[in-house]
Structure formats: structure tokens, C-alpha cells
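The structure under discussion appears below in the form of C-alpha cells.
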């Protein structure tokens, strides 16, 4: 039951962060916005750790592992995705990020020696097909742009895939850290601090000014992304990674674009089409195959026995 709560929290919160990120783009450079976001999240997590009196002392080797996780999950991947969002539409960005589930399956097999279950891979591919149908209109529209815009789209796709790879490696590092008994709460706090430090170094090295926008939209979205999008969602998601594996936990990244669509249909006039509805049905079917208890669970047991 607790796992289901973590899963639902991850889907609902990260599904809404796509809309919140829109208010972060503009006056403040993405790297600086990430410093504010994960710096605030790290401070709040450290305060919570102090309140709960949980240990924060780790060995140098453990700090290296936590820093690697922080670099992949709390800085580099987000910076690349902010850049991607400036080049292509949010629908295409969502599709690219959804490929993390396939990357997690492959990287889990490579780095964690975890066997790939056919039904899990098939369910992931069904879900990705569903997402493609949902966003097919945006995919088709990208073909009609000018030559310069087409080059920007290709550049965005490339950067987005690299960003997704970093996110996947961060998932694998989290799974490995948890397998080595490193607690999620403390590793998130320290990992976000390392991620913030990486963005500070990048901003200083590139001469980016540390300014802040005082609008209600920017400050409100920053607080939401720090508390809900970073602390709560990452805590729930990485706990799932440790419990059910990076491949199944990553299916949340296939579902949360659907939440983003609902928000978009309310605030951005997104129009539901028959293809979009068919895509939703495929995503739900894929979800059943990957993490469902009924038919999907029986299929997984048969695969394991075979």
C-alpha cells in the first residue's frame, strides 16, 4: 500500500512540474534557477535530518557515490532538459524523458547485472507507443518548420536524450547506493547539495549572473519545485527504485506526461484527439504489464520461472 502511495505521489507531482518549470525560464539562467531550487531543497532536507537526528556522517567512498548520484539526478540532467525545453515543444520533451524506462532496463542489466524480463520490456514499449500517439500532433507539426527550426529540433532531441541518459544513470546509482544500505533521506540531502555545488561552479565558470526574479510566478514555482518536485517526489521515487527496481519505478515517467496533459488541457487549451485517447489506453495497458498485480504479475512470475 505504501508503495502505491509513493508511486501516485511521483506521478502527480512530476506531472505538474512540467507546467511549473515554464515559469522558471526567462530572466534567470537555468543553472542559477537550479542552484536556487536544489539549494533550498538541500537546506530543508538537512533541517529535517537534524530534527529527526539521523546520522549524516559517511565515508569518503560513500560521499563519492552520493556526489555521482547528485551530479546525474540533481544538476546535469536538469540543466540539459532546461536547454531542451528552449529548443523543442514540451510534448517532445516528455516523450524523450519517457525513454528513461528503456534506458533503466538496459543500464540495470549492464551495471546491476539485473536480468531483463520480457514482459517488463514489452510493457515499457507499449507505454512509450502510447505516449507517442498522445503527442503525435506535436511530432507532425515539427516536420513543417523551417530549415533553421528543424536543426534546432534535432539539437533539442540530441540534448534531451543525453539528459535522459544522465537521469537513468542517476537512477542506477541510487539503486546501487540503497543496495549498499545508504538511506534515501540522507543521500538526497547530500546529493542535492553536491548538485547545487556543481551548478554554482558551472555558473561561475561561464560568467552567469546570480540574479533572481521577484514575481509571484517565479517565486511560487521555485518553492513548488523545491519542496514538492525535489524533496517529496524524489524521496518517493528513489524509495520505489530501491524497492521495486529502477526499471519498474521509471514507469512513472511514462505516466506523468498524462498528468501534464490534463493540466495543459485546462491552462493551455490542449485538445484531446482520438489518437490521444488511444495513447492513454496503451499507457494504462503498459502500466498493468509492468507494475500491475493481476495479469502483469502472473506474466512476470511465469517469465521468472522460465
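The values are calculated or read from the model by the stated rules, or taken from the named source; none is laboratory data. Keep in mind the model is a prediction, meaning the values are calculated, not measured. Reconstructed Cβ throughout: ideal geometry from the backbone, glycine too, with neighbour counts over all protein chains shown.
For residue 278, state whether it is at pLDDT below 80 and surrounded by 14 or more Cβ atoms within 10 Å (Cβ to Cβ). Judged against the criteria, residue 278 is not a match.
Among the residues of segment 197-224, which ones are under 15 Å from residue 63 (Cβ atoms) and touching a residue at least 60 places away in the same chain (Cβ under 8 Å)? Matches in segment 197-224: 198 only. Of the residues making up segment 38-71, those that are crowded, with 23+ Cβ neighbours inside 10 Å and within 15 Å of the chain's Cα centre (by Cα) number 3. Only one entry in 201, 190, 172 is closer than 23 Å to residue 47 by Cβ and out of contact with any strand residue (DSSP E or B) (no Cβ under 7 Å at 6 or more places or on another chain), namely 190. Residues of segment 195-212 that are surrounded by fewer than 22 Cβ atoms within 10 Å (Cβ to Cβ) and in a helix (DSSP H, G or I): 197, 198, 200, 201, 202, 203, 204, 205.
Within segment 82-104, residues that are under 19 Å from residue 137 (Cα atoms) reach partners that are part of a loop (DSSP other than H, G, I, E, B) and at pLDDT below 75 with beta carbons closer than 6 Å, at six or more positions or on different chains, in the pairs 91/135; 95/135.
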